[in-house]
Structure formats: C-alpha cells, structure tokens
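Let me begin by presenting the structure, written as structure tokens, before commenting on it.
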Amino acid sequence: MAEKIVVCGIAGSLRAGSFNKMLLRAARELAPEGMEIRPFERLAEVPLYDGDLEAKGVPEPVQALKRSVREAAAVLVCTPEYNWSVPGVLKNAIDWASRPAAETPFARKPVAILGASPGAVGTARAQQHLRLVLASNGALVLPGPEVLVARCQEKFDASGKLADEATRKFVSRLLQALGEAARRAG
C-alpha cells in the first residue's frame, strides 16, 4: 500500500464565510484515497512582514506555517482575487515563508492552485501572479488542470458545500494531478 500523501492546504482569505475556505473544505472531501489535506488555519496570526521583527526572532505563527509546508508532500492554495491579484494576506505569508531564501519550504515542493471568485473570470489573474511568486521560491507549480471557479456564489449550496458537479470534477482532477506530482517528487 502506498504511503499517505499529506497536503498543506492554504486558503488565502480571512473571512469566515470565504468561498475559498469552502473550496478548501470541498477539496478535503474530494481528496483521492491516500491523500490527506491539512488546512493551515493560522493565516490571520501571521504578522505583516518586517525585517526588524524577523531580526528579533521569527514569530511562532510563521514558524508554524513553515513547518506545515515543510512537513507536507505538497501544497494546495485556494486563492481569491483582489484587485486582479493575490490577496495581501496570502502574499505576506509566502513572503515570510521565503525567508531566508535558501531555506524556503516551498523549494522543490509540488503546489497546486485553485480559486473561487464571484467574477466572470474566476481567479485567473490572481493565479497567474501566484504562479510567479511561488516559482520564485522554487516551488513546482502544477501547470494544470486549472480550476478557476467563476460565479462561485452559484456553485455552493446554502450550507457551504460545493454543489456544482462539473466544478467537483475539476477539483478532483487537480487533486489527482497533485498526488501524482507529490509521488514523483517524493
């Protein structure tokens, strides 16, 4: 039997009713057998990056983030799109994790990106920017399948469950690809 693939899941939104948090929950539900997605739920505790603060010692929430990424076989990032780009809270967390550059836990780590937005193009621009940010950390960002959940308010039911069957299939395919990438990188 194959070893379990542990995936660090990061939802790049702080809002309690975030569609991207719902998307991460859906991914956990849809994960293939042998994959466990463990959400990093302390994004709100990561302070704004400050070199002076870093010089005094890396804050514990940042250490926890680095540990979660480092210990996982792969990373799954669910990003919203704010002003055609990556939310500041998500970019800030990656900035912290990338310090020092030679020790970034994203290096050679398979990463899959997906995102949900009420807009018509989903999170296409945010995902493009996020690919650049993660690539600068040496991450092995999956080129696809792309999961751009547009008009997301129509895809989830009142309880927050991903109800759109086509979207569920896209998410499942992305998770299969992430599992395969993690096994190859392992």
Among 52, 157, 95: highest mean-square fluctuation, GNM of the chain, C-alpha pairs under 10 Å: 52
Please report, in cubic angstrom per residue, the volume enclosed by the convex hull of the alpha-carbon atoms of the range 96-186. 109
Report the one residue of 182, 101, 135 whose Cα lies farthest in the direction of the positive end of the charge dipole of the chain (charges on C-beta: Lys and Arg +1, Asp and Glu -1; origin at the Cα centre). 182
Name the residue, out of 141, 58, 171, whose mean-square fluctuation peaks in a Gaussian network model built on the chain with Cα pairs under 10 Å. 58
Charge dipole magnitude, Cβ of K and R +1, D and E -1 - the range 5-185, Cα centre, debye nearest 20: 280
For the chain, what does the helix formula give at 222 nm: sum of -39500 (n - 2.57) over DSSP H segments with n ≥ 4, over the residue count, nearest 500 deg cm²/dmol? -12000 deg cm²/dmol
When 159, 117 are ordered from fewest to most other Cβ atoms inside 10 Å of their Cβ, what list results? 159, 117
By the gyration tensor of its Cα atoms, with a ≥ b ≥ c the square roots of the eigenvalues, what is the shape of the chain: rounded for a/c under 1.5, prolate for a/b over b/c, or oblate? oblate
May I ask you to list the lysines whose Cα is less than 16 Å away from that of residue 161, ignoring any residue fewer than eight positions away on the same chain? 21, 169
Taking only Cα atoms and a 10 Å spring cutoff, compute GNM fluctuations for the chain and point out the largest among 26, 55, 116. 55
Tell me, what HN-Hα J-couplings in whole Hz come from the Karplus equation 6.51 cos²θ - 1.76 cosθ + 1.60 at θ = phi - 60° for each residue of the range 27-41, using x for Gly and Pro? 4, 4, 5, 8, 4, x, 3, x, 10, 10, 9, 10, x, 8, 10
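Just so you know, all these numbers are worked out from the coordinates, no wet-lab data involved. The structure presented is a predicted model; accordingly, all values stated were derived computationally and were not measured. Backbone-built Cβ (ideal geometry, glycine too); neighbour counts: all protein chains shown.
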